[in-house]
Amino acid sequence: FRIGLSERSALTGEVGGSAFTRDLDADIASVSSPVPQSVYRHRVSTATDYAGSMMFHYAEKEWGLKAGGKYIGAGYFSLAFPYMQPDRLDVLLAPFAKLFASKLNMNASIGYRKNNLSNTKATTSNQLIGSFNAFAMLSDYVSFNTRFANYGIRNRMAVDTLKVDMVTNSFSLSPTFVIPSSALINTVSLSWSLDAYNEVNTMTAKTTTNNTQSMMAMYLASFTEIPMNGSVTLTYMTNNVPNND
């Protein structure tokens, strides 16, 4: 659904419910179900639950944001997304800005996820997900893009030896240059990115670090008079794993 609150703001949302039986030979359940037996035969292997999300959107001409959350029940099952993680709560805040006649565009997001809301698993983990992206049009011929992303997961076990801490950071810089001429439009794109992964696993008493650097240079030539273009791309990548040779 979508509800317009004003010319600049709106509320969007989605709700869903599921009834899923894993074993059709299981006994009929004696407990009450939110879905009547006449509609869906509820067995001891049946799970019924719901999920929902809601997002608030606000947009001015040069800035805006969206904020909201998502809840997925422990028994919610979706055939369309078999690997979707249930039993979790997500919270998201994502502002954006368009400055200098949209020559500088910035958007960011910060999110928090917690699972095991039903307290039926041995561990509960929380995740912090954040990103920032900026695109600048410095002139008609030069543009610049930068991006940063963070993904971290931690669990909180009562036994210290079972705690796991993993953090991934990704950073990239990408300038682009356009050099026009009467016969050709020359475009040169450069890119550098760093992916840093760190894991502390007290269960195995190991600390894992994996840093990957990537560099790319691309030249694109587009002819102005004939429908033809060509490109050359050069890439270089290093993978640094200090714990291995």
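Looking across region 171-184, the residues that are at pLDDT 90 or above and either open to solvent by 70 Å² or more (accessible area, probe 1.4 Å) or of a type in the set (S, T, N, Q) (or both) come down to Phe171, Ser172, Ser174, Thr176, Phe177, Ile179.
Scanning region 84-102 for residues that are free of Cβ contacts under 8 Å to residues at least 24 places away in the same chain and either open to solvent by 70 Å² or more (accessible area, probe 1.4 Å) or touching a Leu at 6+ places or on another chain (Cβ under 6 Å) (or both) yields Val91, Phe100, Ala101. Just one of the listed residues (Ser143, Ser118) is assigned to a loop (DSSP other than H, G, I, E, B) and more than 20 Å from Asn198 (Cβ to Cβ), namely Ser118. Scanning region 52-61 for residues that are open to solvent by 80 Å² or more (accessible area, probe 1.4 Å) and in contact (Cβ under 8 Å) with a residue 40 or more places away in the chain yields a single hit, Met54. Pairing each residue of region 120-134 that is over 15 Å from Arg88 (Cα atoms) with any residue that is basic (Lys, Arg), provided the two are 6+ apart or on different chains, yields C-beta distances under 6 Å for Asn133/Arg147. Restricting region 185-200 to residues that are open to solvent by 50 Å² or more (accessible area, probe 1.4 Å) and modelled with pLDDT of 85 or more, the residue that is nearest to the chain's Cα centre (by Cα) is Asp195. From the list Thr12, Thr21, the one residue that fits, being touching a residue at least 12 places away in the same chain (Cβ under 8 Å) and more than 27 Å from the chain's Cα centre (by Cα), is Thr21. For region 7-27, filtered to residues that are charged (D, E, K, R) and surrounded by 11 or more Cβ atoms within 10 Å (Cβ to Cβ), the residue that is nearest to Phe77 (Cα to Cα) is Arg22. Remark: pairs (first residue in region 63-83, closer than 30 Å to Ala97 by Cα; second residue open to solvent by less than 30 Å² (accessible area, probe 1.4 Å); Cβ separation under 7 Å; 6+ apart in sequence or on different chains) = Trp63/Ala97; Leu65/Ala94; Lys66/Ala94; Gly69/Asp90; Lys70/Asp90; Tyr71/Ala51; Tyr71/Gly52. In region 201-222, the residue that is modelled with the highest pLDDT out of those that are β-branched (Val, Ile, Thr) and surrounded by 15 or more Cβ atoms within 10 Å (Cβ to Cβ) is Thr212. For region 12-39, give me each residue that is under 25 Å from Ala80 (Cα atoms) and assigned to a strand (DSSP E or B). Scanning region 12-39 gives Thr12, Gly13, Glu14, Val15, Gly16, Gly17, Ser18, Ala19, Phe20, Thr21. Identify the residue in region 96-113 that is small (Gly, Ala, Ser) and under 12 Å from Trp63 (Cβ atoms) and, among all such residues, is modelled with the lowest pLDDT. Result: Ser102. Just to be sure, is Ile3 open to solvent by 70 Å² or more (accessible area, probe 1.4 Å) and touching a Leu at 6+ places or on another chain (Cβ under 6 Å)? Yes: the conditions hold for Ile3.
The values are calculated or read from the model by the stated rules, or taken from the named source; none is laboratory data. The shown structure was predicted, so the numbers you read here are calculated from the model rather than taken from an experiment. Glycine also receives a Cβ, built like all others from the backbone with ideal geometry; neighbour counts cover every protein chain displayed. Ligands, DNA and RNA are excluded from the accessible area calculation, which covers all protein heavy atoms including side chains. Shrake-Rupley method; radii C 1.70, N 1.55, O 1.52, S 1.80 Å.
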